[in-house]
Amino acid sequence: MKLTNPIGVIVDSFRLPIREGLRKTQEIGADGVQIYAVAGEMDPDALSSAARKELKDYIQSLGLEVSALVGDLGGHGFQDKEQNPSKIEKSKRILDLAVELGTNVVTTHIGIVPHEENEVYAEMQKACEELSLYANSMNAHFAIETGPETAEHLKSFLDTLSGKGVAVNFDPANMVMVTGDDPVQGVYTLRDYIVHTHVKDGVRYKEVDPREVYGALGYEPMDHGKIAEMVRSGQMFKEVPLGEGKVDFDAYFHALSDIGYRGYLTIEREVGDQPETDIRKAVEFIKRYR
């Protein structure tokens, strides 16, 4: 198996000003970038038409393209019916920006999908249906990041929505670290929905309730503080450089190839003291499969 997928980097992982991060991405030999677009200089409300064109032209001048934008608005995703109207509108503006910058993918977290079809489930479904219809109209996708629930449960939720406007950003490390789900089987389960992927590795030390990691509307257990500290300190799970964790990349990349996925393999490095070193190594790690 030889990969032909383009390699991306979440430019914010460099922890540099955006244009420095873009130049660094070019320097290390990646093909594209994913960019956070929820606040600061990348907030859609802060970018004029001229600024958007200038940014797109600059990215292209470096020989790069935008693989996706990050549109995660936090606050339990779309579980809160009071916050959903403003979050939905903000998400639409982020997708508009994505299309202007040359990509049709915005990755996001929607909140943990409840197992019972309760009021929270209904609110999430209603919000995601509106987002899906909007994205469908633009031939684009809001891509849910894997991790908060198993692949099977996520698929059952996605199957209730219209079209593929709400799809999947597949992150194998989140599955390994949080739910303990098998990323390789997850690729086959979610094959019809995967439009973008993250390349990240991790290990799991102890079982953890996903609500302790991602939060959930109304969830506040008795020992929340203790468990939350264990999560923060890496006692439950840990993100590690590629090849040092429990993601079986031989099998994972084979599965992506097997289902015909030809999109981006985008490197995400959220922790560590030497992000540039880790990202450089990650690019070389992926290139070994080419």
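Quick notes on this structure:
- The set of residues in the range 109-130 being crowded, with 24+ Cβ neighbours inside 10 Å and either assigned to a helix (DSSP H, G or I) or free of Cβ contacts under 8 Å to residues at least 60 places away in the same chain (or both) consists of Ile110, Met124, Ala127, Cys128.
- Residue pairs whose Cβ atoms lie under 8 Å apart, separated by 6 or more positions or on different chains, with the first residue in the range 55-77 and closer than 21 Å to Arg262 by Cα and the second basic (Lys, Arg) and assigned to a helix (DSSP H, G or I), are Val66/Lys56.
- Residues being farther than 18 Å from Leu217 by Cβ and either small (Gly, Ala, Ser) or buried (at least 17 other Cβ atoms within 10 Å of the Cβ) (or both) - total across the range 59-81: 11
- Where a residue in the range 200-218 is free of Cβ contacts under 8 Å to residues at least 60 places away in the same chain and of a type in the set (Gly, Ala, Ser) and its partner, wherever it lies, is outside any loop (DSSP other than H, G, I, E, B) and surrounded by fewer than 19 Cβ atoms within 10 Å (Cβ to Cβ), with Cβ under 8 Å and at least six apart: Gly202/Lys238
- Cβ separations smaller than 8 Å between residues 6+ apart or across chains give the following pairs from the range 262-273 residues that are free of Cβ contacts under 8 Å to residues at least 40 places away in the same chain to residues that are assigned to a loop (DSSP other than H, G, I, E, B): Gly272/Pro241.
- In the range 16-59, the residues that are among the charged types (D, E, K, R), closer than 21 Å to Val283 by Cβ and part of a helix (DSSP H, G or I): Arg19, Glu20, Arg23, Lys24, Glu27
- Criterion: polar (S, T, N, Q), in contact (Cβ under 8 Å) with a residue 24 or more places away in the chain, surrounded by 14 or more Cβ atoms within 10 Å (Cβ to Cβ) and under 30 Å from Arg288 (Cβ atoms) - qualifying residue of Asn5, Asn84: Asn5
- When we screen Val178, Val168 for residues that are within 19 Å of Leu69 (Cα to Cα), of a type in the set (Val, Ile, Thr) and surrounded by 24 or more Cβ atoms within 10 Å (Cβ to Cβ), the only hit is Val168.
- In the range 148-168, the condition of being part of a strand (DSSP E or B) and of a type outside the set (A, V, I, L, M, F, W, C) is met by no residue.
- In the range 3-44, the residue that is nearest to the chain's Cα centre (by Cα) out of those that are farther than 19 Å from Thr266 by Cβ and modelled with pLDDT under 95 is Ala39.
- Verdict on His76 being out of contact with any strand residue (DSSP E or B) (no Cβ under 8 Å at 6 or more places or on another chain) and of a type outside the set (A, V, I, L, M): yes
- Across the range 258-278, the qualifying residues are those that are in contact with a strand residue (DSSP E or B) (Cβ under 8 Å, 6 or more places away or on another chain) and at pLDDT 95 or above, and the one among them that is surrounded by the fewest Cβ atoms within 10 Å (Cβ to Cβ) is Ile259.
The values are calculated or read from the model by the stated rules, or taken from the named source; none is laboratory data. Here the structure is a predicted model, which is why all the values come from computation and not from measurement. Cβ: placed from backbone, ideal geometry, glycine included. Neighbour counts: every protein chain shown.
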